[in-house]
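The values are calculated or read from the model by the stated rules, or taken from the named source; none is laboratory data. This structure is a prediction, so every number in the text was calculated from the model and none was measured. All Cβ positions, glycine included, derive from the backbone under ideal geometry; neighbour counts span all protein chains shown.
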Amino acid sequence: MKKDELCPKCGSGIFKRSCEVNGVTIYKIYSCGHKITLSNTEPLYETQLYIIQDPITTLEKAILNENWFTGVILSATYLEIYGKKKIKQFFEEHGIKLSHKEKDITEDLNLFRTIKFLYNFGIIDKKMYEKMEEIRRERNKLVHEEGKIHRQDICKARKLIEDSIDIIIKLGAEK
């Protein structure tokens, strides 16, 4: 990719950086602020159902195949999915009936709020809270700042993915 590449949307922004997953460019970011998603990413979405149905195997394969970027991103996704499930389970177990609006609110929680809910309701302890927060922060740094895992961060990425596996099991994912 050329550094002097212009934004196809406005023609004024200059290429800043891209995000790649397993060598496939997912999107490009330009200095004007536009984020252009590329159409060649469709094969990634074909595996989405499998990924959600078998998160532990998916994360273990990310480690085995050294797909650190994908593993960290999916780790955060799984924490959000299983965290929301655990919150719903908590409400059901405590006989808390939610209105449709309240159900929509819990469904729309992002990972930051999901972690806060889990901790504030006593569903997770401080240690798990801190691990989840670290995974969330590292995922955000990858997506919004760096776009790739640097060689010196591989051990950290591996640990984050391994921690995610332990946490999602505790949140109810089946091994």
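Look at the range 121-134: where a residue is without any contact (Cβ under 8 Å) to a residue 40 or more places away in the chain and a partner is among the acidic types (Asp, Glu), sitting 6+ places away or on another chain with Cβ atoms under 9 Å, you get 131/163; 131/166; 134/163. Only residues that are surrounded by fewer than 14 Cβ atoms within 10 Å (Cβ to Cβ) and either in contact (Cβ under 8 Å) with a residue 40 or more places away in the chain or not in a helix (DSSP H, G or I) (or both) were counted in the range 152-167, giving 1.
Of the helices (runs of 4 or more DSSP H) lying entirely inside the range 61-138, those containing at least 3 residues that are in the same structural domain as residue 154 (by TED's automatic domain parsing) and closer than 28 Å to residue 159 by Cβ are 68-93, 111-120. Condition test on residue 38, is it modelled with pLDDT under 70, surrounded by 11 or more Cβ atoms within 10 Å (Cβ to Cβ), closer than 26 Å to residue 83 by Cβ and out of contact with any helix residue (DSSP H, G or I) (no Cβ under 7 Å at 6 or more places or on another chain)? Against the criterion (modelled with pLDDT under 70, surrounded by 11 or more Cβ atoms within 10 Å (Cβ to Cβ), closer than 26 Å to residue 83 by Cβ and out of contact with any helix residue (DSSP H, G or I) (no Cβ under 7 Å at 6 or more places or on another chain)), residue 38 does not qualify.
When residue 149 is tested against (1) β-branched (Val, Ile, Thr); (2) surrounded by fewer than 19 Cβ atoms within 10 Å (Cβ to Cβ); (3) not in a helix (DSSP H, G or I), just one condition goes unmet, and that condition is (2). Candidates in the range 60-89 are the residues that are aromatic (Phe, Trp, Tyr) and under 28 Å from residue 122 (Cα atoms); of these, the one that is surrounded by the most Cβ atoms within 10 Å (Cβ to Cβ) is 78.
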